[in-house]
Structures are given as C-alpha cells and as structure tokens.
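Worksheet for the structure shown next.
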Amino acid sequence: MTRGEKLLASLGDRLSGLRGRITPDAEMDKITWFRAGGLADALFQPADEDDLAAFLKAVPRDVPLTVVGIGSNLLVRDGGISGFVVRLSAKGFGEAHVISPTKIRAGAAIPDKRLAAVAYEAGIGGFHFYHGIPGAIGGALRMNAGANGVETRERVVEVRALDRKGNFHTLSNADMGYAYRHSSAPADFIFTSAIFEGFSEDRETIKAAMDAVQHHRETVQPIREKTGGSTFKNPEGTSAWKVIDEAGCRGLMVGAAQMSPMHCNFMI
C-alpha cells in the first residue's frame, strides 16, 4: 500500500459525499512551474466552498494540510508532502464578477493576470500591476503581492475564508494585517474569494499601464524561462537583486538551479 492509499484507508468513509476530486500519491511536479518535487500523499480539489467546508470538517486535525495555488512560486522537496494538499479548482474558485462600477468579486483560484483583464474590460483602474504577477489571487491575498508600485492591500475590501474546522469567516482589510509581502491572517485560513475595489478609469489608460508592465517584464525579466517571479523579498532600504549582485551571485548555478544572469532575483 502506498502512503496515499494508507491515508485514504485510515479515513474510512469520512470523505464519502465529497464532490471534489481526490488523487492519492499526487505528482507535485505536474502542477508546479519548476516541474520538480515528489508525491503528495493525497491531493484534494474541492468542487466549491461548501465542498471544501465538508472536507475540512471531515479530516482530523492531526492530518497535515498544505494549501497550494497554481504552483508559480512553489518548490516541493523530492520527499514529497505528507497528508493532504488542497488546491482550489478553477471551476469552483476561478471566476471574477464585477459587482459595482468599481468593485470586483474574485475567486482565490483566478490568475492575477485574469483579474487585471476583467478590471480592464470593466473600465476599473488600479489593477494593472496584476498583469505582471505570475500567480493566483489566493497567493496574492496571503503574501500581499505587489508590483510596479502597487500592492494587493491597496485593492482589498474584504476576504472570505474557511478555517481548519470548516467554519466560514469574512475578514476586512484591517483584519488581514497587511505589511510588506505579508499578511497576519490566521495561517490555517484558506482564502476562497475576495472583494476588490479600484477606481473608474478609461480603458485606453488602463491598457497603456498594462502594456508598460508587460514591456518592463519582457526587457528586464527572464519570462521565457521556468521561474517563479522574484525569489527573495527586498531587504529594508535596498533591493534583493542588488544584494545578490553585490555578493557575486548573478548567474550563480547550484545543481539545476541558477540565479538569472538577466535579473538575478529570478531563480531559473
């Protein structure tokens, strides 16, 4: 019996009735941008919020849970991941809807770039920075993702989440406890959606801002390589790439990983 089969067998019929997909011994290298990593004991992709809540209530607290997004900045060890990996499905959590002239409700699984496109189509400014961030909204909410002088915390109105017991919570912007590349929201909360607010802006201006983001990426970042975007947070008062460069690590290669010669805060 494999580790995944043993885990599912130990839970008996606790998981019966779930509508999402359960994959034992899931190959994590298939869902990470770096195409590396061992097996997860089991992968659960919930059908929707209620399905996720039922799963969380069914799985004992001593079974480890690891939440992942689209795998853009995720390194998984060769030894794999114990317990369940939870990955929100695009079908259940990947939609975005304009709910007012300046507000958008977005599921946590929607790619950042897609949210930027929805805002553009609706004439809502302030979301162009997402056009250049390689990740999904759940990760952006957790780490206060930002680029081009704008951060997630500037757009968030409220966040919907489930705790480890399967209880629903609604967090305000203040509840998220945002700081640079950080949120102090409870670590066991799984974000499922959020309401964002921008401002009215003509589409030509928004498109120009998105084009500027794309041009910047194409000229200074190795976007055609397998990277997860910027690897390290900026130290206070300086930039991570400058510290790496000054340490002589531009182009440094260790095993199969290299700090990009083009932008040395990007790991290839």
Expected output for the stretch 185-201 (first residue closer than 16 Å to residue 172 by Cβ, partner polar (S, T, N, Q) and open to solvent by 10 Å² or more (accessible area, probe 1.4 Å), Cβ below 8 Å, 6+ apart or cross-chain) is 197/102
Flag if residue 250 is part of a loop (DSSP other than H, G, I, E, B) and either closer than 20 Å to residue 148 by Cβ or under 24 Å from the mean Cα position of the chain (by Cα) (or both) = no
Identify, from the list 74, 52, 43, the residue that is touching a Ser or Thr at 6+ places or on another chain (Cβ under 9 Å) and under 22 Å from residue 129 (Cβ atoms).
-> 74
Run residue 181 past the list (1) under 21 Å from residue 211 (Cβ atoms); (2) modelled with pLDDT under 95 and report the number of the one that doesn't hold.
-> (1)
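Can you report the number of residues in the stretch 77-87 which are in contact with a strand residue (DSSP E or B) (Cβ under 7 Å, 6 or more places away or on another chain) and either charged (D, E, K, R) or outside any strand (DSSP E or B) (or both)? Lay out the reasoning, then the answer.
The initial filter retains those residues of the stretch 77-87 that are in contact with a strand residue (DSSP E or B) (Cβ under 7 Å, 6 or more places away or on another chain), namely 80-87.
Within this subset, residues satisfying the condition of being either charged (D, E, K, R) or outside any strand (DSSP E or B) (or both) are 80, 87.
The total comes to 2.
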Subset of the stretch 141-180, residues under 15 Å from the mean Cα position of the chain (by Cα), among the hydrophobic types (A, V, I, L, M, F, W, C) and closer than 24 Å to residue 55 by Cα, comes to 141, 159, 161
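Give me the residue from the stretch 202-248 that is hydroxyl-bearing (Ser, Thr, Tyr), at pLDDT below 90 and in contact with a strand residue (DSSP E or B) (Cβ under 8 Å, 6 or more places away or on another chain) and, out of that set, least open to solvent (accessible area, probe 1.4 Å). Steps first, answer last, please.
Keep residues of the stretch 202-248 that are hydroxyl-bearing (Ser, Thr, Tyr), which gives 205, 219, 227, 230-231, 238-239.
Still in the running and at pLDDT below 90: 219, 227, 230-231.
Those still in the list that are in contact with a strand residue (DSSP E or B) (Cβ under 8 Å, 6 or more places away or on another chain) too: 227, 230-231.
Values: 227: 14, 230: 74, 231: 60 Å².
Looking at the filtered set, the residue picked out is 227.
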For the stretch 1-51, enumerate the residues that are closer than 15 Å to residue 81 by Cβ and in a loop (DSSP other than H, G, I, E, B).
-> 2, 31, 32, 34, 36, 37, 38
Surrounded by fewer than 22 Cβ atoms within 10 Å (Cβ to Cβ) and of a type in the set (Lys, Arg) - does that describe any residue in the stretch 81-90?
-> no
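Return the residues of the stretch 97-117 that are more than 20 Å from residue 66 (Cα to Cα) and either modelled with pLDDT under 95 or open to solvent by 20 Å² or more (accessible area, probe 1.4 Å) (or both); say none if nothing qualifies. Let's see the steps before the verdict.
Step one: of the stretch 97-117, the residues more than 20 Å from residue 66 (Cα to Cα) are 97-106, 112-117.
Across the stretch 97-117, the qualifying residues are 97, 98, 99, 100, 101, 102, 103, 105, 113, 114, 117.
The values are calculated or read from the model by the stated rules, or taken from the named source; none is laboratory data. All figures in this text were calculated on a predicted structure; none of them were measured in a lab. Quick reminder, even Gly has a Cβ in these numbers, built from the backbone with ideal geometry, and neighbours come from all protein chains shown. The accessibility values were calculated without ligands, DNA or RNA, using every heavy atom of the protein model including side chains. Shrake-Rupley method; radii C 1.70, N 1.55, O 1.52, S 1.80 Å.
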